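Novice: Provided herewith is a single structure, encoded as structure tokens, for subsequent inquiry.
The values are calculated or read from the model by the stated rules, or taken from the named source; none is laboratory data. This structure is a prediction, so every number in the text was calculated from the model and none was measured. Here the Cβ is made from the backbone with ideal geometry for all residues, glycine too, and neighbour counts use every protein chain on show. Just the protein is used for accessible areas: all its heavy atoms, side chains included, with ligands, DNA and RNA removed. Shrake-Rupley method; radii C 1.70, N 1.55, O 1.52, S 1.80 Å.
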Amino acid sequence: MKFPGIGTRQAKRFVYFLLAQDTRFVETFAHELSELKKNIGQCASCFRYYERRGTQTQCDACTSDADSSILLVVEKDTDMDTVRRSGSYAGRYFVLGGTIPVLENDPASKIRIRELVARIGQGTSEGLTEVVLALSANKNALKNRG
Ligand SMILES: [Zn+2]
């Protein structure tokens, strides 16, 4: 029930599914789950999760020869995956970690604003000239503003 969007009924369904599987499946699943944090890192440049290889600290999107003059800011890892799969963008990325929480007292504590400012600062020395915000409009934040 601690997974996002999973209620009591869905959680029970997962448990019953696991109980119906053979021991080998459940042991393999538990092992892969425990390996997740070891094998998946967060990119030091764009902050997406990626499969770590050796001592590298950046994902393949950040180490590729992508156009470093343009930076696309997205909300989540899945948004970045969607844009990458489309093949319509050839620049660099930054995963903000959420939409801009305009009603929060300290928005920077909810998303990676400081990291984005640092990334833009670093990028300008590498030829960055354009930042594109590819974020969804948050109607609820505006509606609740009063
Ligand atoms: Zn990256």
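Novice: What residue, of ARG48, ARG53, is over 15 Å from ASP77 (Cβ atoms) and within 16 Å of the ligand (Cβ to nearest atom)?
Specialist: Details: ARG48 fails: over 15 Å from ASP77 (Cβ atoms).
Sole residue among the options that is over 15 Å from ASP77 (Cβ atoms) and within 16 Å of the ligand (Cβ to nearest atom): ARG53.
Novice: Return a yes/no flag: does the stretch 119-135 have any residue that is in contact with a Gly (Cβ under 6 Å, 6 or more places away or on another chain), open to solvent by 40 Å² or more (accessible area, probe 1.4 Å) and at pLDDT 90 or above. Steps first, please.
Specialist: Pass one, the stretch 119-135, residues in contact with a Gly (Cβ under 6 Å, 6 or more places away or on another chain): none.
Looking for residues that are in contact with a Gly (Cβ under 6 Å, 6 or more places away or on another chain), open to solvent by 40 Å² or more (accessible area, probe 1.4 Å) and at pLDDT 90 or above, one finds none in the stretch 119-135, hence no.
Novice: Considering only the stretch 82-118, state which residues are open to solvent by 60 Å² or more (accessible area, probe 1.4 Å), in a loop (DSSP other than H, G, I, E, B) and β-branched (Val, Ile, Thr).
Specialist: ILE100, VAL102
Novice: So which residues in the stretch 80-117 are of a type in the set (Lys, Arg) and either within 14 Å of the ligand (Cβ to nearest atom) or modelled with pLDDT of 80 or more (or both)?
Specialist: Within the stretch 80-117, ARG84, ARG85, ARG92, ARG112, ARG114 meet the criteria.
Novice: Now, a different point. Just name the residue that is nearest to VAL131 (Cα to Cα) out of those in the stretch 60-78 that are within 14 Å of the ligand (Cβ to nearest atom) and hydroxyl-bearing (Ser, Thr, Tyr).
Specialist: The extreme case among them is SER68.
Novice: Within the stretch 29-49, take every residue that is open to solvent by less than 60 Å² (accessible area, probe 1.4 Å) and not hydrophobic (A, V, I, L, M, F, W, C) and give me the one that is farthest from THR63 (Cα to Cα).
Specialist: Across the stretch 29-49, the extreme among qualifying residues is GLU35.
Novice: Now a separate question. Out of curiosity, is VAL73 without any contact (Cβ under 8 Å) to a residue 12 or more places away in the chain and either in contact with a Leu (Cβ under 7 Å, 6 or more places away or on another chain) or open to solvent by less than 40 Å² (accessible area, probe 1.4 Å) (or both)?
Specialist: Details: without any contact (Cβ under 8 Å) to a residue 12 or more places away in the chain: no; either in contact with a Leu (Cβ under 7 Å, 6 or more places away or on another chain) or open to solvent by less than 40 Å² (accessible area, probe 1.4 Å) (or both): yes.
No.
Novice: Which of the helices (runs of 4 or more DSSP H) found entirely inside the stretch 1-64 contain at least 2 residues meeting this: in the same structural domain as GLN122 (by TED's automatic domain parsing) and within 23 Å of the chain's Cα centre (by Cα)? Before you say what the answer is, go through the steps one by one.
Specialist: Working: elements: 8-20, 23-39, 60-63.
In the stretch 1-64, the matching helices (runs of 4 or more DSSP H) lie at 60-63.
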